[in-house]
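Some notes on the structure that comes next.
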Amino acid sequence: MTLDFAGDERLQTAFADAWSRKADFEEGAAYMRGRFVPLSEATIPITDWAYRRSDVVYDVASVWEGSFFRLDDHIARFRRSMTRWRLDPPESDAQIHDIALAVVALSGLKAAYVGMDCLRGKAPRGVPSHPANAQNYLAVFARGFAWIMPPDLQERGARMMIAKTRRIAPEAVDPTAKNFHWGDMTQALFEAEDQGLDGAILLDGDGYVTEGPGYNVFAVLAGTVVTPDRGALEGMTRQSVLELCAMLNIPIEVRPISVQELEHCDEIFMTTTAGGVMPASELDGRALASTIGRQLRHRYWAEREAGWLGTPVDYEMSCDGGID
Ligand SMILES: Cc1ncc(COP(=O)(O)O)c(C=O)c1O
């Protein structure tokens, strides 16, 4: 198999060139502005609005045992985030698909964190300095799989708290477009750190559960799995858990969760690409059960390892794209 990049010869040649220097990519591989480079060489200008104004959207997919999970779903969500933010890079979804496979194949990583960012760039000299005039561009990279909460912590169960910091209002920054406006979530991470805890859950301005720094939140109330219907990213792992619950005949509800319900629920678990299903063992010092959380955690990894919604990476591809 060769990667076709939707027939783009420039990309085929760039990839073939990188493939001939494959040893350079062992620490990770990145794609930026038409080139494949070792991860350490993927840098952005300090004047880029992506950096100066957090004017960037992103997505994170993962590779486990050499196979992507829900790759096309991630790319579709990435495109929705870009559209919501009025970002439009030159690459098509089909090209992003092949670029994601290419960076993983180049790195050789069988377990990888694959980031996809669309950056605003800057308006070129001589035109009004407005984001509408910026040249948007794509960055895609693969590095070793990263755990938000490592497996031993997940086994023990995360000690969680309800953060005092409230989540940014969804009317101000739409949380369904995956973005880097992380000021609220970073403060929540410090609140948890100050108390020696593992993670935090943020409420919205009306006291309803939203999400946490890098994860969606679920509560179990009298045997029903409940997750918020608004104020949070529509996580791919969240979606997978809803599908696993349907497979396992576990009742689910997608609806607002009040702080009082969270304070009295039986179980809490969190979900993310960088960790899967992560059961909590306590909330603000109150012990929690983790029967359904553990069942979903095990089933999630078992299904992934069986190839559920997977796109295998070809690590040995023949690569002749335009180069002898
Ligand atoms: C704020 C936030 N919520 C939820 C999630 C979980 O989404 P997914 O399951 O697609 O990784 C993430 C992932 O990074 C996130 O940053």
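Tabulated data
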quantity: GNM top mover of Ser67, Ser20, Ser107 - the chain, alpha-carbon springs below 10 Å; calculated: Ser20
quantity: Rg(Cα)/(2.2 N^0.38 Å) for the stretch 1-133, N = residue count; calculated: 1.08
quantity: Protection proxy ranking, peptides 119-131, 89-101, 21-33, average beta carbon neighbours within 10 Å, highest first; calculated: 89-101, 21-33, 119-131
quantity: Portion, in percent, of the accessible area of the stretch 120-165 that falls on carbon or sulfur, probe 1.4 Å; calculated: 53 percent
quantity: Over the chain: helical MRE at 222 nm, DSSP H runs n ≥ 4 each giving -39500 (n - 2.57), nearest 500; calculated: -9000 deg cm²/dmol
quantity: Prolate/oblate/rounded call for the stretch 1-64, Cα gyration tensor, a/c under 1.5 rounded; calculated: prolate
quantity: Mean Cβ count within 10 Å, highest first, over the residues of peptides 151-164, 36-49; calculated: 151-164, 36-49
quantity: Per residue solvent-accessible surface (Å²) - the stretch 45-200, probe of 1.4 Å; calculated: 44 Å²
quantity: Pair-distance profile P(r), taking every C-alpha pair of the chain, with 20 angstrom steps and integer %; calculated: 31, 55, 14, 0
quantity: Alpha-carbon centroid distance for the pair the stretch 55-99 / the stretch 133-189, whole angstrom; calculated: 17 Å
quantity: 0 to 90° range, to nearest 10: angle between helix 9-19 axis and the chain longest Cα axis; calculated: 80 degrees
quantity: Helix 183-194 axis, angle to the chain major axis (alpha carbon atoms, nearest 10°); calculated: 50 degrees
quantity: Farthest positive-ward along the chain dipole, Cα basis, beta-carbon charges - from Thr2, Asn179, Ala61; calculated: Asn179
quantity: Gyration tensor (alpha-carbon) shape descriptor, the stretch 151-305, a/c threshold 1.5; calculated: rounded
quantity: Estimated FRET transfer efficiency when R0 is 45 angstrom, pair Asp194-Thr13 (beta carbons, to 0.05); calculated: 0.30
quantity: Cα long-axis angle, helix 93-107 against the chain (0 to 90 degrees, to the nearest 10); calculated: 90 degrees
quantity: Relative contact order (percent, whole number), the stretch 135-237, Cα cutoff 8 Å, 6+ residue spacing; calculated: 26 percent
quantity: Length-normalised contact order for the chain - Cα pairs under 8 Å, 6+ apart - percent; calculated: 20 percent
quantity: Lys, Arg +1 and Asp, Glu -1 on Cβ, resulting dipole of the chain about Cα centre, debye, nearest 20; calculated: 660 debye
quantity: Extension reserve of the Leu242-Arg255 stretch, reckoned as 0.36 nm per residue once the Cα distance is removed; calculated: 3.4 nm
quantity: Prolate/oblate/rounded call for the stretch 45-86, Cα gyration tensor, a/c under 1.5 rounded; calculated: oblate
quantity: Normalised contact order of the stretch 77-182, rounded percent, pairs of Cα under 8 Å and 6 or more residues apart; calculated: 30 percent
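The values are calculated or read from the model by the stated rules, or taken from the named source; none is laboratory data. The structure presented is a predicted model; accordingly, all values stated were derived computationally and were not measured. All Cβ positions, glycine included, derive from the backbone under ideal geometry; neighbour counts span all protein chains shown. Only protein heavy atoms, including side chains, enter the accessible area calculation; ligands, DNA and RNA are left aside. Shrake-Rupley method; radii C 1.70, N 1.55, O 1.52, S 1.80 Å.
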